[in-house]
Amino acid sequence: NMTGRSGWTWYTGSAAWMYRIWIEEVLGFQLHGDTLTMNPVLPPDWPGFELTYRHRSATYEIKVSTGGTARVELDGRALDDGRIPLADDGAVHRVTVRIPLQPPRAAEYPVNGTSGTHPEAAQILESA
């Protein structure tokens, strides 16, 4: 009986890879030397998220929200290329990232055992 025992998966690096996937791929947090980019790929029902990142002596308070036009701001100034320069200045910096709301794609449902779009896919997506 193995009830109540944990497996070895979390001791073999799986937890580290899961953490990395969520931070880098889903939340879009990408460090490149002294530059940060945020390219989140959020589930459609997430309104956004907030995180705090410490880079040397500086703190970055990052707020990501969905809807509207894509935009990245650092301390109230728009960053046209979306690259956030990281400083070692002991200050607290505020980063605002807005990503457009991604429309849902047409749902693929098996139709009578074959591949194809379910005839009611548009209605299913609209009601979700």
> What does the charge add up to near E50, with Lys and Arg as +1, Asp and Glu as -1, over the other residues with Cβ less than 9 Å from its Cβ?
Replying inline: 0
>> Which residues among region 55-69 fall inside the zone where the amide N is under 19 Å from a point 7 Å beyond the Cα of D34, along Cα→Cβ?
In response: 55-61
> When Lys and Arg each count +1 and Asp and Glu each count -1, what net charge do the other residues less than 13 Å away from L31, Cβ to Cβ, add up to?
Replying inline: +2
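Each reported figure results from applying straightforward, stated rules to the coordinates on display, with no laboratory input. If you're wondering where the values come from, they're calculated on a predicted model, not measured in any experiment. FYI the Cβ positions are ideal-geometry reconstructions off the backbone, even for glycines, and counts take in every protein chain you see.
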